[in-house]
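Trainee: One structure coming up, written as structure tokens, with questions to follow.
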Amino acid sequence: MSNKYVTRGVIFIHSVPPAVQPHVEWAVASVLGYQPHFEWTKQPAHPKFNRSELSYMAGVGTAAKLASALRGWEHLRFEITEDPTPVSDGGRYSCTPGLGIFYAQTDLMGNVVVPENRIRAAFERAGDDTDELRRLLDVALGKAWDDELEPYRYAGAGAPIRFLHKVS
């Protein structure tokens with residue numbers, strides 16, 4: 001890891017066709033610089049697809065690189081988290097085939113943090129229209145991604161997480 005600051009994160013592959021699994025593994029390995037071991041299990045929310053999750057340790061900004069490497073495959077749903085460090089905020093990338101990628105800054109507990117200027121802009125744009133304010137805040141919070149991914153997240157509750165550590 002050439003980055004001075006190391007962080008931890010988790011890659012949640014919520015749904016992937018079995019034929020695409022080797023491509024996902026290759027994409028993740030190309031970013032991490034080593035071959036991770038995915039343990040694929042059936043995705044109960046979509047039985048023809050599989051799921052996996054694993055933890056990684058890498059330089060700050062790795063989650064963004066992973067999200068970029070995985071985006072765009074049909075039927076691939078994923079989330080990637082990155083923990084905060086002394087020089088960076090935590091974050092979560094969520095991706096669905098229909099919605100694309102959503103990024104949100106997160107706090108220490110994993111809650112989405114909406115920047116002050118985005119909230120002020122939502123108030124300004126919505127004016128007195130409370131329905132529009134709700135819509136703009138839902139966009140800022142990534143509600144559409146949460147709504148689509150929740151059945152896939154729930155299906156993974158209690159699934160094992162494999163912790164990965166690079167051995168030099």
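Just so it is clear, none of the values below were taken in a lab; they were calculated from the coordinates. As the structure is a computational prediction, the values presented were derived from the model and not from experiment. Cβ atoms come from the backbone with ideal geometry, glycine included; neighbour counts cover every protein chain shown.
Trainee: With +1 assigned to the C-beta of every Lys and Arg and -1 to the C-beta of every Asp and Glu, and no other charges, what is the dipole magnitude of the chain about the Cα centre in debye, to the nearest 20?
Mentor: Magnitude of the dipole: close to 660 debye.
Trainee: Give me the log10 of I(q) over I(0) for segment 13-168 at q = 0.08, 0.12, 0.18, 0.20 Å⁻¹, as the Debye formula computes it from C-alpha points; what are the numbers?
Mentor: Debye intensities relative to I(0), on a log10 scale: -0.26, -0.57, -1.14, -1.34.
Trainee: I would also like to ask the following. Using only DSSP helix segments of four residues or longer, with each worth -39500 (n - 2.57), what per-residue ellipticity at 222 nm results for the chain after dividing by its residue count and rounding to 500?
Mentor: Value at 222 nm, helices only: -10500 deg cm²/dmol.
Trainee: For ILE119 paired with LYS48, estimate the spin-label separation in nm (one decimal), with each label point 7 Å from Cα along the Cα-to-Cβ line.
Mentor: Placing both labels 7 Å along Cα→Cβ, they lie 4.4 nm apart.
Trainee: Work out, step by step, the length gained on full extension between LEU141 and ARG71: first 0.36 nm times the residue separation, then minus their alpha carbon distance; give nm to one decimal.
Mentor: Working: separation 70, 0.36 × 70 = 25.20 nm, distance 2.00 nm.
My answer for the length gained is 23.2 nm.
Trainee: Sticking with this one: What are the trypsin sites (Lys or Arg not before Pro) within segment 48-140 that DSSP puts in a loop, where the Cβ has at most 15 other Cβ atoms within 10 Å?
Mentor: Answer by residue number: LYS48, ARG71.
Trainee: Can you list the residues of segment 28-64 with backbone N under 16 Å from a point 7 Å past the Cα of TYR103, pointing along Cα to Cβ?
Mentor: 59-64
Trainee: Using Cα atoms only, what is the angle between the long axis of helix 116-126 and the major principal axis of the chain, expressed in degrees (0 to 90) to the nearest 10?
Mentor: Approximately 50 degrees, to the nearest ten.
Trainee: What's the magnitude of the charge dipole for segment 110-151 around its Cα centre, counting Lys and Arg as +1 and Asp and Glu as -1 at the beta-carbon? Answer in Debye, nearest 20.
Mentor: I would put it at about 200 debye.
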